[in-house]
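A quick write-up on the structure given underneath.
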Amino acid sequence: MNSPLVSVGLPLALAVIMFGLGLSLTVTDFTRIAKSPRTVAIALLCQLIALPAVAFGLVLLFDLPALLAVGMMLLAASPGGTTANLFSHLFRGDVALNVSLTAVNSIIAVVTLPLVTNFAIGYFDPADGGESVGLQFGKVVQVFAIVLVPVGLGMLVRRRSAAFADRMDRPVRIGSALILLLVILGTIAAESDTLADSLGEVGAITVLFCLTSLTIGYFVPRLLGVPDRQAIACSMEVGIHNSTIAITIAISVLDSTELAIPAAIYGVLMFPLAAAFGFLITRRRTSVPAVAE
């Protein structure tokens, strides 16, 4: 995909999204994790270790082609999306915890995402005609730039003027959504045949991965004694990935549309799946007598 709509529009959309995230963050969001370090550690272990392991197992089980397999691992290594905050709010989760987890996840992902992706590339060896893909140092710097620099700028703006940051929050969210929608529609139109062919290959695995992620994110913390509201926050953070990061890295950094297919399909399916999961655990909570936490 050499279209300017993708090569320029996709990184721009991600930059605006991450800038919007920065506008909502303060240093307090990072220091807040000291109040519940155990819960944060559990969520991060689920995110950073359990999910790549689950994705790897599913990829082997479904015997995906090499590029799609790497794309699934890239998706699994991507951090939680800002949409997790919205779903957590809808289902009475601890939104403050979500904000803190998203902030920490975005920083850690700059290191873990290249590690997981390079492992997948080395294992599945998606070389085509002798030309291999990989996140070399220069590309890792690109990942750093497109993920963390906009967040830092947004946080700087909030520090200088919280009132301006609050006013800009809604326009930035709307603007990023519109840019992203335009890019996605353009990509779908240009790659409709590839997407249609791949939907049958990765549709089922993305559904299973999303549901497994949400389940792990909720029940592992609950089994380890985490209160229900925080477990809901963990579930949404672990289960709702920032697929835009995975798509941007696949297309703009690794120059492969096929690598982006799992994240693109996941990005559409995760919304109804997360809503259904949130409804079920909320219904379960209200149907079971409350216990002291």
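The values are calculated or read from the model by the stated rules, or taken from the named source; none is laboratory data. Just so we're clear, the structure is a prediction, and the values are computed from it rather than from any experiment. Cβ coordinates were reconstructed from backbone atoms using ideal geometry, including for glycine residues, and neighbour counts include every protein chain displayed. These accessible areas exclude ligands, DNA and RNA; they are computed on the full protein's heavy atoms, side chains included. Shrake-Rupley method; radii C 1.70, N 1.55, O 1.52, S 1.80 Å.
In the range 13-106, what percent of the accessible surface is made up of carbon and sulfur (1.4 Å probe, ligands and nucleic acids excluded)?
71
Calculate the spin-label point distance for Leu224 paired with Thr26, positioning each point 7 Å from the Cα along the beta-carbon direction, and give it in nanometres.
2.9
With only alpha-carbon atoms in the gyration tensor, what are the semi-axes of the equivalent ellipsoid for the range 51-99, in Å, largest first? Intermediate results must be reported in sequence, preceding the final value.
Values: eigenvalues 177, 20, 14 Å².
Three semi-axes, in Å: 30, 10, 8.
Within the set of other residues whose C-beta is less than 14 Å from the C-beta of Gly152, count the net charge using Lys and Arg as +1 and Asp and Glu as -1.
Taking every Cβ under 14 Å from that of Gly152, the sum is +2.
What FRET efficiency comes out for Leu12 versus Arg283 if R0 is 30 angstrom and r is the Cβ-Cβ distance? Round to the nearest 0.05.
0.15
Cβ under 12 Å from Val27's Cβ, Val27 left aside: what net charge do those residues give with Lys, Arg +1 and Asp, Glu -1? Show your work: numbers first, answer last.
Working: positive: Arg32, Arg158, Arg159; negative: Asp29.
Local charge sum for Val27: +2.
Between Thr215 and Val149, 0.36 nm times their residue separation minus their Cα-Cα distance comes to what?
20.5 nm
For the range 60-75, just list the computed ³J(HN,Hα) in residue order, Karplus coefficients 6.51, -1.76 and 1.60, θ = phi - 60°, integers in Hz, with x standing in for Gly and Pro.
So the Karplus estimates, Gly and Pro as x, are 5, 4, 8, 6, 6, x, 4, 5, 5, 5, 5, x, 5, 5, 4, 4 Hz.
Please work out the C-alpha center-to-center distance from the range 267-281 to the range 74-119 and express it in whole Å.
Cα centres, the range 267-281 to the range 74-119: 16 Å.
At a Förster distance of 45 Å, what's the computed FRET efficiency of Ala204 paired with Asp169, Cβ-Cβ distance as r, to 0.05?
0.75
Pop out the Kirkwood hydrodynamic radius of the range 224-277 from its pairwise C-alpha distances, inverse of mean 1/r, in Å to one decimal.
12.5
Give the long-range amide H neighbours of His241: residues separated by 5 or more places, or on another chain, with amide H under 5 Å away, using H modelled in the peptide plane at 1.01 Å from N.
Close amide H contacts, sequence-distant or interchain: Gly81.
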